[in-house]
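Presented below is the structure to which this report refers.
Each value in this text was obtained by applying a stated rule to the coordinates, not by laboratory testing. No experiment lies behind these values; they were computed from the predicted model shown. Because the Cβ atoms are built from the backbone with ideal geometry, glycine has one as well, and the counts that use them run over all protein chains shown.
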Amino acid sequence: MQELRKSIVFFENVELRYDNLPVLKDISLKIEQGEHCVILGANGSGKSTLIKLINCELYPSYKDELFKREILGNERWVVTELRKHLGVVTNDLHTRFSLDGSYLSGFETVLSGFNGTIGLFDHLENTTDQMNAAEGAMERLGIHHLHDKRVDQMSTGELRKCIVARALVHPVKAILLDEPTVGLDIKAQLDFIEMMRSLAKSGTTVILVTHHIEEVFEEIQKAVLIKDGIIYASGNKDEVLNSINLSEIFNTSLEIQKQRGRYSIRPK
């Protein structure tokens, strides 16, 4: 019998409060397997909190009305088990490797994804299959030349790709990328966007969280706009990503242009 495909993300009427103050309100969101999606919003709009709800760092606040939050069909996950199905790449993780994992090689950085650690430890032995999978993840991203290069000798873009490969050591169904091109120069940004496109084409669902519309690549089908803790608009990217909507969520008059499948933005 063929396995039923579960939604990557299914939120219905979800709310999250800090000290009884709502941060996310009435969030309803569905991202299907294979439906590449961008979540776009200004700084402070609630993107980071939404990411934490998706990757199970946070759980919804209780409310009297019915609500539901499922990731890959489950309401609750052990985070280490979820990482086998949902890869997560954040700037916080990048910073931790820069500061605490500077002595690691590219291969050791990728291999550490199996145990969710910054570095390798004697009591956490890696199997031959795991080492082969780490090699395969590096090959998949075309970064095998970073195998023996130390983190403290890498460019920002090189380390970012190693961290993506780290998230791909498991056969994940989706990868969540939080502001992935921050700190990258123009060439590294373009290279990284091409890498995201390659992941999307290979069957890994890409969820891109950003405030840069220029990062929205051709394979993305769905756009979700977030403002002041609510989902302002959600749907097909060509319908959602327009000048009126973008001007509203960024609180300034903007004009959106699209050329050869890619978006750009300028003041109106």
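Before moving on, here are some points about what is shown:
- Filtering I39, I31, I51 for residues that are in contact (Cβ under 8 Å) with a residue 40 or more places away in the chain and touching a Cys at 6+ places or on another chain (Cβ under 9 Å) leaves a single hit, I31.
- All positions within the stretch 246-268 that are touching a strand residue (DSSP E or B) at 6+ places or on another chain (Cβ under 9 Å) and either under 15 Å from T210 (Cβ atoms) or of a type in the set (V, I, T) (or both): L246, I249, F250, T252, I256, Y263, S264, I265
- Subset of the stretch 237-260 that is part of a loop (DSSP other than H, G, I, E, B) and without any contact (Cβ under 8 Å) to a residue 24 or more places away in the chain - its residue that is surrounded by the most Cβ atoms within 10 Å (Cβ to Cβ): N242
- Residue ID - surrounded by the fewest Cβ atoms within 10 Å (Cβ to Cβ), chosen from residues in the stretch 27-74 that are more than 19 Å from V224 (Cα to Cα) and among the small types (G, A, S): G73
- Single residue of I207, I175, I230 found to be in contact (Cβ under 8 Å) with a residue 12 or more places away in the chain and in contact with a Lys or Arg (Cβ under 8 Å, 6 or more places away or on another chain): I230
- Pick from the stretch 236-264, criterion among the hydroxyl-bearing types (S, T, Y) and over 13 Å from I220 (Cα atoms), ranking: farthest from the chain's Cα centre (by Cα): S253
- Restricting attention to the stretch 87-124, the residues being more than 22 Å from E135 (Cβ to Cβ) and of a type in the set (A, V, I, L, M, F, W, C) number 1.
- Hits in the stretch 46-94 (condition: part of a helix (DSSP H, G or I) and among the hydrophobic types (A, V, I, L, M, F, W, C)): L50, I51, L53, I54, V79, L82, L93
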